[in-house]
Amino acid sequence: MTNFEDFTRELEGEDEGKTSGSGLAGLRDLLRKGLSPEPSGQEQAWAWTRLQARLATPELIPGSFLWMRLAGWGAMAGLALVVGWATLGHPKDRLTVQVDPFHEEPSLYAVAFHSSEAHADVVWVGGYSDMQANDPIR
Amino acid sequence: MNQSEPESVEKLQPVQDDESAWVEKARAGEPDAWAELHGRYYAKMKAAVSHICGDESLAEDVVQESFIKAYRQMENFRGGSKFGTWLYRIAVNQALDAVRKRSRMHFWLGWMPLSGHDEDDESPPFQVASPEGNLSDAERSDHRRAIGRAMASLDPEHRAVVELRLVQGFSTDETAKILKCKRGTVLSRLYYSCRKLQQLLKKNYDEL
């Protein structure tokens with residue numbers, strides 16, 4: 001096989017029944033002999049039985065297929081929520097930091113969270129400094 | 001069919017005698033007609049799809065799905081082309097889709113540590129027959145490996161052209177119709193594929 005034009009001519013020649021005995025014919029024969037043969041009659045009969053069984057089942061309507069996919073995605077989302085809940089716990093159990101209500105006093109802060117172990121809401125107030133008895137109350 | 005065609009090509013061409021009558025009956029939903037058409041085309045289609053996919057079990061599924069698709073879309077067959085060409089078009093396109101899906105899946109599975117893929121697997125990716133009857137098992141095995149690896153080196157679109165044009169014996173125009181591409185594309189793909197196959201197989205086979 002030298003170039004594309006020669007190849008095309010050789011191919012057309014073979015179509016017209018001119019056996020060239022060239023590399024192309026050799027390659028074709030090699031592939032035909034070397035690649036897997038056609039399946040047996042037994043396999044074909046089995047395939048026909050299998051096909052008949054499939055044809056007997058009603059066709060899946062594209063609309064229902066869409067609903068099935070949506071239902072599938074919904075189920076997956078629900079499962080993810082359940083797994084997330086079980087793994088991370090209720091959102092209330094999470095530590096929540098509240099803004100200091102006494103923002104004019106930068107040293108004072110409060111943290112509130114729900115303790116699932118103690119079954120109680122806990123408020124942690126920090127930042128107090130000692131106060132002298134004679135300090136004026138603001 | 002042209003009487004001057006080589007015998008091997010003649011044998012591989014689908015029978016066309018009373019096919020239109022069977023096709024009309026199949027269009028009417030007659031099970032006997034579908035049994036007849038299945039009998040005529042299953043073996044050749046299975047072999048073709050198997051060579052394109054490189055996987056026997058995948059080919060079985062593809063051929064079955066192709067017949068189901070043909071059965072359910074029979075009203076779309078207008079008779080503008082041969083029934084066989086239409087059926088092969090469905091099967092080859094299904095095969096190419098299946099190979100692409102499998103490649104994508106292998107790509108993602110390749111990232112997983114336990115994909116079960118063995119890089120040193122020596123078995124050929126293609127199911128091949130022994131080319132010579134009087135060869136030893138070792139020689140047969142060498143033939144199988146050589147042909148299987150050479151075919152596997154082509155991408156699926158090129159394999160499809162080689163399979164339809166050279167192995168199945170469809171004409172260039174029919175191959176173009178089946179693959180929904182231009183005649184020139186078929187010829188250029190075939191030229192490229194043949195050159196590559198010859199380069200790969202030349203050292204094993206003197207006739208190339």
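The values are calculated or read from the model by the stated rules, or taken from the named source; none is laboratory data. Being a predicted model, the structure only gives us computed values, none of them experimental. Note that each Cβ is placed from the backbone with ideal geometry, even for glycine, and that neighbours are counted across all protein chains shown.
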Search result, residues across region B:161-181 that are of a type in the set (A, V, I, L, M), closer than 17 Å to A:LEU11 by Cα and within 13 Å of the chain's Cα centre (by Cα):
B:VAL161, B:VAL162, B:LEU164, B:LEU166, B:VAL167
Failed criterion for A:THR49 (all others in (1) at pLDDT below 85; (2) over 30 Å from B:ALA146 (Cα atoms); (3) more than 10 Å from chain B (Cβ to nearest Cβ) hold):
(1)
Residue pairs, Cβ under 7 Å, 6 or more apart or interchain, first in region B:166-185 and under 21 Å from B:PHE83 (Cβ atoms), second of a type in the set (Phe, Trp, Tyr). List them.
B:ILE178/B:TYR88; B:ILE178/B:PHE170
Filtering region A:57-83 down to residues that are assigned to a helix (DSSP H, G or I) and at pLDDT below 85, which residue is farthest from the other protein chains (Cβ to nearest Cβ)?
A:TRP67
Of the conditions (1) modelled with pLDDT under 80; (2) among the charged types (D, E, K, R); (3) assigned to a helix (DSSP H, G or I), A:GLU38 fails just one. Which one is it?
(3)
